[in-house]
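Q: Questions regarding the structure given below will be posed in turn.
The values are calculated or read from the model by the stated rules, or taken from the named source; none is laboratory data. Because the structure is a prediction, the values reported are computed rather than measured. Heads up, the Cβs are rebuilt from the backbone with ideal geometry, glycines too, and the neighbour counts pull from every protein chain shown. Remember, those area values only see protein heavy atoms, side chains included, never the ligands or the DNA or RNA. Shrake-Rupley method; radii C 1.70, N 1.55, O 1.52, S 1.80 Å.
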Amino acid sequence: MKNLIEQSQLIYFIAASAALTFLPGPDIIFVLTQSISQGKIAGIATATGLCTGILVHTSAAALGISALIYKSALAFELVKYAGAAYLLYLAWQALRESGQLASSVPVRETNTFALYRRGIFMNVLNPKVALFFLAFLPQFVNLESGNIPTQMIFLGIVFLMQAWLIFSAISIFAGAIGDKIVKKPGIGKYINWSKAGIFTIIGVKLALSHK
């Protein structure tokens, strides 16, 4: 891959990717809310799931599947509404957690695999992410070197790695803040209500989005 991607181009790609990762969006908000409400391990597990979803979108873009979704209005709508429905389900789950609180401390999910799976679903079921990679990755591909799918997959893995590092750092920071917040009396239900509100807003926004 050394001969396919120039070092200067790779550095520029990493810088652009990091800047985009830091921008406020559904993924970073999702990681923040999970970390604050359920701790840094939950945030890192969620981030790992989201980044696994990136690998799925990258492969889809490289193989032309994302282009098919973009061209098919029905496929785009199906994936979009499935993602919106899943986010609304997460909002409902957050409200259930709020109702189940027996103390001021939110219920912290210990099943990291469940959180990892949740991150994958949220990312994969967002067609806007698929279209993002379909538009973003080709800008850094060297057409003269050939092996376009291989280059795109490589770039996708690089994007995944930097996103995971950033999300993990955010999880540790937000988790530390969350540990202090949840100790305050009566704060637990408000955290879960906030999670439910955030998931609802993201879900509705996704449902109303266009290509």
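Q: Being closer than 23 Å to Tyr89 by Cβ, at pLDDT 80 or above and small (Gly, Ala, Ser) narrows it down to one of Gly203, Gly178, so name that one.
A: Values: Gly203 fails: at pLDDT 80 or above.
Result: Gly178 is the single residue among Gly203, Gly178 that is closer than 23 Å to Tyr89 by Cβ, at pLDDT 80 or above and small (Gly, Ala, Ser).
Q: I'd like the residue in the range 130-156 that is of a type outside the set (S, T, N, Q) and either loosely packed, with under 14 Cβ neighbours inside 10 Å or over 16 Å from Ser17 (Cα atoms) (or both) and, out of all such residues, is farthest from the chain's Cα centre (by Cα). Lay out the reasoning, then the answer.
A: Within the range 130-156, the subset of a type outside the set (S, T, N, Q) is 130-138, 140-141, 143-144, 146, 148-149, 152-156.
Okay, now just the ones that are also either loosely packed, with under 14 Cβ neighbours inside 10 Å or over 16 Å from Ser17 (Cα atoms) (or both), so 135, 143-144, 146, 148-149.
Values: Ala135: 18, Leu143: 29, Glu144: 32, Gly146: 30, Ile148: 25, Pro149: 23 Å.
That would be Glu144.
Q: Confirm whether Gly39 is in contact with a Leu (Cβ under 6 Å, 6 or more places away or on another chain), closer than 23 Å to Phe199 by Cα and at pLDDT below 90.
A: Working: in contact with a Leu (Cβ under 6 Å, 6 or more places away or on another chain): no; closer than 23 Å to Phe199 by Cα: yes; at pLDDT below 90: yes.
The answer is no for Gly39.
Q: Continuing with the same structure: Given the residues Leu155, Leu115, Leu143, which is the only one that is at negative phi and modelled with pLDDT under 85?
A: On the way: Leu155 fails: modelled with pLDDT under 85; Leu115 fails: modelled with pLDDT under 85.
Within the list Leu155, Leu115, Leu143, the selection yields Leu143.
Q: Specify which of the listed residues (Gly64, Gly99) is open to solvent by 50 Å² or more (accessible area, probe 1.4 Å), over 22 Å from Ala45 (Cα atoms) and at pLDDT below 75.
A: On the way: Gly64 fails: open to solvent by 50 Å² or more (accessible area, probe 1.4 Å).
Result of the check over Gly64, Gly99: Gly99.
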